[in-house]
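Shown next, in C-alpha cells, is the structure this report addresses.
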Protein chains: 4
Amino acid sequence: MAIFIMTLRCADQPGIVLATSSAIVSVGGNILENDQFTDPTTGTFVMRTRFETTVGTQPEVLAVLEDHLSRFAPTLSLRDENTPRRALLAVSKYDHCLAEILYRKSQGDLPLDIPAVVSNHDDLRGMVEEAGIPFHFVPVTADTKIEAEATWRGLIAEHDIDYVVLARYMQVMSADFCQDFSGRTINIHHSFLPGFKGARPYHQAHARGVKLIGATAHFVTADLDEGPIIEQDVVRVSHARTVDDFVALGRDVERTVLARALHLVAEDRVALVGQRTVIFSQ
Amino acid sequence: MAIFIMTLRCADQPGIVLATSSAIVSVGGNILENDQFTDPTTGTFVMRTRFETTVGTQPEVLAVLEDHLSRFAPTLSLRDENTPRRALLAVSKYDHCLAEILYRKSQGDLPLDIPAVVSNHDDLRGMVEEAGIPFHFVPVTADTKIEAEATWRGLIAEHDIDYVVLARYMQVMSADFCQDFSGRTINIHHSFLPGFKGARPYHQAHARGVKLIGATAHFVTADLDEGPIIEQDVVRVSHARTVDDFVALGRDVERTVLARALHLVAEDRVALVGQRTVIFSQ
Amino acid sequence: MAIFIMTLRCADQPGIVLATSSAIVSVGGNILENDQFTDPTTGTFVMRTRFETTVGTQPEVLAVLEDHLSRFAPTLSLRDENTPRRALLAVSKYDHCLAEILYRKSQGDLPLDIPAVVSNHDDLRGMVEEAGIPFHFVPVTADTKIEAEATWRGLIAEHDIDYVVLARYMQVMSADFCQDFSGRTINIHHSFLPGFKGARPYHQAHARGVKLIGATAHFVTADLDEGPIIEQDVVRVSHARTVDDFVALGRDVERTVLARALHLVAEDRVALVGQRTVIFSQ
Amino acid sequence: MAIFIMTLRCADQPGIVLATSSAIVSVGGNILENDQFTDPTTGTFVMRTRFETTVGTQPEVLAVLEDHLSRFAPTLSLRDENTPRRALLAVSKYDHCLAEILYRKSQGDLPLDIPAVVSNHDDLRGMVEEAGIPFHFVPVTADTKIEAEATWRGLIAEHDIDYVVLARYMQVMSADFCQDFSGRTINIHHSFLPGFKGARPYHQAHARGVKLIGATAHFVTADLDEGPIIEQDVVRVSHARTVDDFVALGRDVERTVLARALHLVAEDRVALVGQRTVIFSQ
C-alpha cells in the first residue's frame, strides 16, 4: 500500500475534480485528503490530493493522472509520501533557526530531508556535522557572489534539492538566483506593526513602543522581504523589554514560524498563485 | 447562476468524490470549494462542496446528486446559498451573547436567519424586538420544563428551525430534548485549564490562579457540558484580576466564540462524526 | 474611605518612591497598586499609584503630594477613582467601534464617562441617543475643518474632556489640533505585517496574502498613523478569505483593540514617554 | 555598581513601601523596577524591587533592609543579580523540555544555573554532558523512591539548589518531598479544555475533538497536577490532527511554557500567595 501526494495547478474549469477522482479510482486509489482552491482574481485552480493505492509505482500512477488530466494542461506533481522533499539549508552565524530545524528533525516532527547545509561562515559547522549533515563553507563577498551561488547551484543539482531555506542567512541572493529558484527559496524575516524600513528595525520598533513583534516566512523574490507569505506569527512585548529582549523574543518567533513554514512545504501544503500562497492546512 | 452547498456523510469507500463531481458536472456545475475528511476511527467520510450551476433548481440538483450517490447510502443535504440556515435563540438574563449575535447580523457578518428568540425571563424583550425579531417569553420551572419545551418544539416546527442556540440560557434542557435535537442544539460554556467541577467555577479558577480563561461552543448532549466541541478560545488573565474581572473577560470570550461557532454552522462548515466535529474552515 | 489614583512623571533620581510613600502615609493612606518604570533612553521616571485613604479630599491629598514631591518637579495627577475620566467620541459612518464602546459601558465594563459624541455624518445619531448621550452633528469639508474643530474645542472645554477618541472618524485632524491635544487624542488603525502605504490597504494586504491582520490603537500626532502605540492585536486569516472578509475581520479586531486601549486610559494606566507608551497593565 | 533583587512578603499594612524605599535610599540605592501586589483574600502583601547601589555588599544591604523592615515581620530575600538562581533538572526519557532549556541557556536567554541533572533513566546523559553539566543516573522503583529522593536531597544540599524542575520527569514525588520543597518544585503538565482525568489524556482529548491543547507549568503539591499555576499557553488544533500530532504539538507548547516559567523564577518574578502565584511580569 503506497500513499501519494498529488498537487495540481491549472486554469479553473469544470471537470477537473471529476477527472482527477476518475484517474485515482482507475488505479485502485482511495482519497485520504483532498483540498482545493480557486483564486477568483487569476482564475487559477489549485489542488492537493493525498491518496493510497494498492497498485502502481509513482511513474505508473503519474502517467495515469497525466492521461486523465492532460486536456486541462495542468502543472502536476506526484510524490510518494515515503520520499521526502529535500531542502538545502543556508545559515550564517545565528543558530536559532538551524537548531530548531535540526531538533524537530531529530524528534521525527519534520518530514524533510536535509542533505547539505551551506554557510558563508564556518561557525555552525559543529552543530551541523553533529547532526550527521555535510557542512559546506562557501565564503562570499560582493565580488564573489555569483561564484558562491554557482557552488550552491552545484549542491542543488547534486542533491536534487526542492527548497532552498535561508535560515537566517545574512546575504542577499542575486536577482538571477531569486528568479531561477522562484517559488523554491524560503526566507524568514522579522515583522512589525507597522513595518520599519532601513537599518536596525528592532531599534526602530522599540523606539515606537510596539506591543507585538513578529516574524514572516516567505518565498524569496528579487525584492528580498516582499515575496509571497507562507506563515506569520507575533509575540506580545511590553515597554519594559529592552532592545536585546526584543531581539531574543524575535528569535523565538522566527524559529517557530520558519519551522511551521517548512512543515507545510514538506507536506506539499503550499501552492503559489500569483503573489499569494494557498495553504492546504491540516 | 445559483450557488449550492452540499454536505455528505457516509462510510468511507472509493469513488465518492468521483460520483459527486460527476453529478455536479452533469448539472453544468463548477466546484467553488471542496473539503472532505475521513475519520480513521469510525471510517466515516464527510464532505462539503460548494458549487455554482446555471441549470437546475434545488430539488432538481438534489435529485441528480441522490441518483449518482445512492449506492453509498449517504446522509445528504443540499442548500441554495441564498436560503440561510434558521436558528432559534434561547436566552435568560445575560445579554452579551445575544447582543453580539444581533450586532453581527446587523453588519451583514452572520448569514443566519433568526425568526424567533425564546426566553424564560422577560428582561431581554426590548433588545430583541428592537432588532425586529419576535420575542417569546416562556417561563419554566422544574415542574413545567416539558411543557415549556413543548412551546419550543412548536416554534421549532413553525419556523423550520435548523439550530437551537443556547446563548447563555441558564436552564438545563431535558434528556428527551437533547436527544431529539442532537447535533442541532448549540451551547456556550466557560472553560478553564484545568476544568473545575461544581458551583462557581470562576471563583474556583480565580482561587487556583489560572492564567488563561476560555470558552467552548459545543453541541448539547444529555450531559450538558460534554458534547462535541465546535470552537474554543482563551484569553490571558493576571493575578491582579478580580473574580468580577474574570467574569467580564469570560463574557468577552464567550460572545466571540459563540459568534464564530454560529458562523461555522451558518455556512454548513460543521460535520458531526461520533463525539467529534469536523470543521471545514475557511 | 476614598480611593485615589496618582500618576507622576519626572526625571529619574533616587528618593521619589520614598517621598511618595511618605506622603501617602502622612494622609493615612494604604497603597493598593504601585507600578513604576524608568525609561533608560530618556531617563524619565513614571509611576502610577492607587491607594486608599480615610482622611482628606482630592485637593487636600494633592496638596500633600505636591508638598512632598515638589523638589522632583514632577508632572503630577491625582484622581478620585469615583470620578471617571471623560472622553469625547468622534465617529463617521462606521459603527463597530461605537457599538462596542457603548455596549461595554452598558455592561459596567468601561469606567469612562462619555458626555458627548461628535460626528461629521448624521447616520449614527440614533445609536448614540438611544444610549442617552448627546449627539453633535458637525459637518466638515476641507474648507471648514478649522471651524469644525472649533466646535469640538468648545465641547472639549464645556465637558472637561480628558481624551478625544477617534472611533473610526474618517477625517484627518489639523496639525494644530493634534498638537494642542497631544497625548490626549486616540485613534484606531488597521495594521498589517508588513505595513502597506497608500490607498486600499486591505486590498493590498489581500493581494500579498498576509496571514495576520491587525489593529493598532495609538495617540495621534500630526502624522496620523505614527503616534505612540497603546495597544495592538492581530487575527489569523487564510487565503480563502475575500477582501470583504478581511474588512469584516479587521472590524472585529479594531473594536476589541480600541476598547482595550480605552479601558487602559480610563484607569490611568497609560504613560507617555517620548514616542513610547508605558502601560501599567493589570 | 551592584544590582540587587529584593522580594518581600508580609501581612498588608501601611508603611511597607515607605520603609523599603527609605532603606534603599540609605544605602545609596536607585530603584530600577518595583512591583507589588496585595492579595485581597489573604491580606498578604508581596513585593519585588530591583535596585542598583554603589555602596554595600549583599550581607550589608540585607542587614539594612532587615533593620528598616523588621517591624513588618516579612519574609525577605535579597539577591545580587550576578548570582543566578540554581536549579536541579529532573528528566526521564523525553528530551524536548531539556533540549529547550539547554538551548536557551546556550543563547544567554535563561539566567539560571543548572549545576546538575538527575534522571531515572540513562538515555539523556549524552545531551546533558555535552552541555557540560554533570548527569546523575538515579534509578527508582516503587520500593526505592525514598532512597532515590535521598540522593536528590543530597544534590539539592550540595549544590545549594533553589528550584527543582521536573522537566517531564515521569515519576510522582513522595508527599514528604513535595512538602519539604513546597514552592520550590516546578512541574510541566499538558492541559486541556475541559480537563481529562485518567489514562491517556491526549487520546481522550482527541476523541472529544478539542480545538485547543495546552500546557501548564505549576508548583508541585502532594496532588501532582494541582499546585499553584505559574504559566499556561495553548495551541490550536484541527480535527485533521492525529493523536500523534496532538502529542507533538503538546511537546511544543510544553517546552515553551516551561521555559517561560523558568525565566520568571530565574528573575524572582514569581511569588506564592496561598494557592495562587503573583507574577511580576516584564
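Things worth noting here:
- Overall Cα dimensions of region A:2-80, principal axis frame, Å, largest first: 38, 22, 18
- A convex hull fitted to the Cα coordinates of region C:1-43 yields 70 cubic angstrom per residue.
- Net dipole in debye of the protein assembly as shown [+1 Lys, Arg Cβ; -1 Asp, Glu Cβ; about Cα centre; nearest 20]: 0 debye
- For the protein assembly as shown, the mean residue ellipticity at 222 nm estimated from helices alone is -10000 deg cm²/dmol, where every DSSP H run of n ≥ 4 contributes -39500 (n - 2.57) and the total is divided by all residues, rounded to the nearest 500.
- 12 Å beta-carbon shell around C:G250, net charge (K/R +1, D/E -1): -2
- With a 10 Å cut-off around each Cβ of D:236-243, the average count of Cβ atoms from other chains is 5.
- For D:A207, the shell of other residues with beta-carbons less than 15 Å away shows a net charge of +1, using +1 for Lys and Arg and -1 for Asp and Glu.
- Sorted shortest first, the distances from the B:E66 label point to those of the same residue in the other copies are 4.4, 8.5, 8.8 nm; each point sits 7 Å from Cα along Cα-to-Cβ.
- By the Stokes-Einstein formula, at 0.890 mPa s and 25 °C, region A:80-196 with its Kirkwood radius over alpha-carbon pairs has D equal to 165 µm²/s.
- Accessible surface for B:F196 stands near 40 Å², nearest 10, in the context of the full protein assembly shown (1.4 Å probe).
- DSSP-defined antiparallel bridges as percent of all bridges, the protein assembly as shown, nearest 5: 75 percent
- Using a 7 Å projection from Cα along Cα-to-Cβ, the label point at B:R236 is separated from the same position in the remaining copies by 0.4, 1.7, 1.7 nm, smallest value first.
- Across peptide C:18-26, the average count of Cβ atoms from other chains found within 10 Å of a residue's Cβ is 5.
- Relative to the dominant Cα principal axis of chain D, helix D:96-106 is inclined by about 40°.
- The listed residues D:S21, A:S70 rank as A:S70, D:S21 when sorted by accessible area, largest first, using a 1.4 Å probe.
- Which listed pairs, of A:K93/D:K93; A:K93/D:K105; A:K93/C:K211; B:K197/D:K197; B:K105/C:K93, have C-alpha distances above 19 Å, in listed order: A:K93/D:K93; A:K93/C:K211
- Looking at chain D, the DSSP beta bridges with both ends there are about 75 percent antiparallel.
- Ranked order, C:I146, D:I229 - accessible area, probe 1.4 Å, largest first: C:I146, D:I229
- For region C:258-275, the Karplus equation 6.51 cos²θ - 1.76 cosθ + 1.60, evaluated at θ = phi - 60°, returns couplings of 5, 4, 5, 5, 5, 4, 5, 5, 4, 9, 6, 9, 10, 10, 9, 10, x, 8 Hz by residue, with Gly and Pro reported as x.
- Net charge contributed by nearby residues that have their C-beta within less than 10 Å of C:M6 (K/R +1, D/E -1): +2
- Ranking C:V172, A:V118 by solvent-accessible area of protein heavy atoms (1.4 Å probe, all protein chains present), from largest to smallest, gives C:V172, A:V118.
- Within region A:34-136, the trypsin sites (Lys or Arg not before Pro) that combine a DSSP coil assignment with at most 15 other C-beta atoms in a 10 angstrom radius are A:K93.
- Measuring nothing but how far apart in sequence close Cα pairs (under 8 Å, 6+ apart) lie, relative to its length, chain A scores a relative contact order of 16 percent.
- Virtual spin-label span in nm between C:R71 and A:Q171, 7 Å along Cα→Cβ: 6.2 nm
- Over the protein assembly as shown - Rg/Rh using Cα atoms and the Kirkwood inverse-distance radius: 0.96
- Distance from the axis that maps chain B onto chain D is least for the Cβ of the chain B residue given, with the whole Å value, as B:G195, 2.
- Solvent-accessible surface (1.4 Å probe) assigned to B:E129 amounts to roughly 90 Å².
- Euclidean distance of C-alpha centroids, region D:144-170 and region D:56-76, integer Å: 30 Å
- What separates the A:Q171 label point from its copies, with the point 7 Å along Cα to Cβ, is 5.2, 5.7, 7.5 nm, written shortest first.
- The Rg/Rh ratio of chain C, with Rg taken over Cα atoms and Rh as the Kirkwood radius over Cα pairs, comes to 1.00.
- The fraction of Cα-Cα pairs per 5 angstrom bin, counted from 0 for region A:47-113, comes to 3, 12, 18, 17, 13, 11, 10, 9, 5, 2 percent, rounded to whole percents.
- Convex hull volume of the Cα atoms of region B:111-166, normalised per residue: 83 Å³.
- Solvent-accessible surface (1.4 Å probe) assigned to A:T41 amounts to roughly 120 Å².
The values are calculated or read from the model by the stated rules, or taken from the named source; none is laboratory data. For clarity, every value in this text was computed on a predicted model and none was experimentally measured. Reconstructed Cβ throughout: ideal geometry from the backbone, glycine too, with neighbour counts over all protein chains shown. When the accessible area is computed, the model is the full protein with side chains, heavy atoms only, and any ligands, DNA or RNA have been set aside. Shrake-Rupley method; radii C 1.70, N 1.55, O 1.52, S 1.80 Å.
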